[in-house]
Structures are given as structure tokens and as C-alpha cells.
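Every read-out reported here was derived from the displayed coordinates using simple, explicitly stated rules and does not represent laboratory data. Note that the structure is predicted; figures quoted are calculated from it, not measured. With ideal geometry, Cβ positions are generated from the backbone for all residues, glycine too; neighbour counts draw on all protein chains shown.
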């Protein structure tokens, strides 16, 4: 498969977004379903501010989406491509 320069840059940015353990752990939790920032922070033993910062980057890469309900913000995976990519990565890590 031959990639254009733009597609190569976009793919590199996608993998770069997954190069941080905190972001990978956030995605793993969101594989279970939608969660609030406070729940994610509690699960990961991180501050809500730190979680929000990581989620902002994931949202910019279209890996997660946000939904507001009053003052709470809930996050979920953007689409099934994210869970498939994540699952393939887990399979690869566990295979080696």
C-alpha cells in the first residue's frame, strides 16, 4: 500500500496519540463504555485536570468524543475503529 504524504502524517499522528501510557489506559477504560471525567480520574488515580488534558488530545485526534450533562462531561470512544485498533495492539503485545 502506497501512502500519500498527508495520510502518512495523519497515521503517524494517530500512533503518536497512542504513545502515552496514560492515554492508553484511558482508552482501555473507555472500551468498557462511557465514563465521566471524575470516574476516569478515580480509576486511574489521576487528577481530573490531568485526565481532562489527556482527553482533550484524544478528542482532537477523533479517538474519543465528549457529551455534557449539566456540569459533568462524559467520554466514550469515537467509533468502533478505535476499539478495533486498540484490540489489535493488545493482541500484538500479548503475542510477543
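Ranked for footprinting exposure by Cβ neighbours inside 10 Å, fewest first, 95, 62 give 95, 62. Only Cα pairs under 8 Å and 6+ residues apart enter the sum, and on that basis the relative contact order of the chain stands at 26 percent. Each label point was placed 7 Å from the Cα along the Cα-to-Cβ direction; for residue 5 and residue 39 their separation is 4.5 nm. Using only Cα atoms, tell me the angle between helix 21-30 and the longest principal axis of the chain; keep it within 0 to 90° and round to the nearest 10. Between helix and principal axis, roughly 70 degrees. Which of these, 25, 59, 71, has the largest mean-square fluctuation under a Gaussian network model of the chain (Cα springs below 10 Å)? Most flexible of the set in this elastic network: 71. Calculated FRET efficiency, residue 88 to residue 47, Cβ-Cβ distance, R0 = 22 Å: about 0.10 to the nearest 0.05.
Cα gyration tensor of the range 11-84, axes a ≥ b ≥ c as square roots of the eigenvalues: rounded (a/c below 1.5), prolate (a/b > b/c) or oblate? Prolate shape, in that a/c is at least 1.5 and a/b is the bigger ratio.
Against the main long axis of the alpha-carbon atoms of the chain, helix 48-60 sits at an angle near 40°. A Förster distance of 22 Å, applied to the separation of the beta-carbon atoms of residue 62 and residue 31, puts the FRET efficiency at 0.85. So which residue, out of 18, 85, 58, gets the largest mean-square fluctuation from a GNM of the chain using Cα contacts under 10 Å as springs? Between 18, 85, 58, it is 85 that shows the largest mean-square fluctuation. For residue 71 and residue 15, the FRET efficiency from 1/(1 + (r/R0)^6), where r spans their Cβ atoms and R0 equals 22 Å, is about 0.05. Helix 5-17 versus the longest principal axis of the chain: what angle, 0 to 90°, nearest 10, using Cα atoms? The helix 5-17 is inclined about 40 degrees to the chain.
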